1. Net charge within 14 Å of VAL116 by Cβ-Cβ distance, Lys/Arg positive one each and Asp/Glu negative one each, not counting VAL116 itself?
2. Using the Kyte-Doolittle scale, find the helices of the chain whose mean hydropathy is at least 1.6 and whose Cα atoms extend 18 Å or more along the helix's long axis, counting only whole DSSP H runs.
3. Obtain the nm distance between the two label points defined at ASP135 and LYS62 by a simple spin-label model: each point lies 7 Å from its Cα along the Cα-to-C-beta direction.
4. Pairwise over distinct Cα atoms, reciprocal of the mean inverse distance: report the Kirkwood radius of the chain in Å, one decimal place.
5. Based on Cβ point charges of +1 for Lys and Arg and -1 for Asp and Glu, what charge dipole magnitude is obtained for the chain about its Cα centre, in debye rounded to the nearest 20?
Amino acid sequence: MRFHYLPGSKRYPDSEAEYRLLLGRQHTVLRDLGAPAELVVITCAWNGDDGTEPVERTPELKAVAPGAYWRTIIEDERADPADQVATHLYVGHLANAPQALDPLLRAIADEVTIGVILAPEGLDWLVHPYDGGIDIITATSAERDRLKDRHPDWLSPHPRGY
């Protein structure tokens, strides 16, 4: 399911008021999901034709999302090695509190980073914030529908939900 951060499906915040709205919606979703006091945070770094060895994340990302290298995923293992893209996953933990999460959420909203996943330790649900909104994967369709019913004005107006 996808929620949009800003009214009218506006993608990027232009003011502190819009950042407050964006952050408030993200924290509301986490609260509605019953998020624990600490969240698992998965972040990414990529490299293409220079091999599959893990690359360092940007200093900006490391500053807002501590983590250690976990594993590498090759997006198309059948492709010529020169055409493969390696996604390096890093896992860490952040407190489920505005002072800990907001710098990361702002970096995502400003496209400083992409490909972030927030989840509880058991991975009972996944939240993927992106510039413009939040993708949410719940364990059941009933949980998804409960969120949709709570925040219908946050849904995309697109008939397919994106």
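Bear in mind that the values in this text are calculations on the coordinates, not laboratory data. Keep in mind it's a predicted model, so treat the numbers as computed, not measured. No Cβ is skipped: glycine too gets one built from the backbone with ideal geometry, and neighbour counts run over all protein chains shown.
1. -3
2. Qualifying helices, which must be both long enough and hydrophobic enough, do not occur.
3. Distance between label points: 2.8 nm.
4. Averaging 1/r across every pair of different Cα atoms and inverting gives 16.7 Å.
5. Numbers: 16 positive and 26 negative charges, 153 e Å.
About 740 debye.
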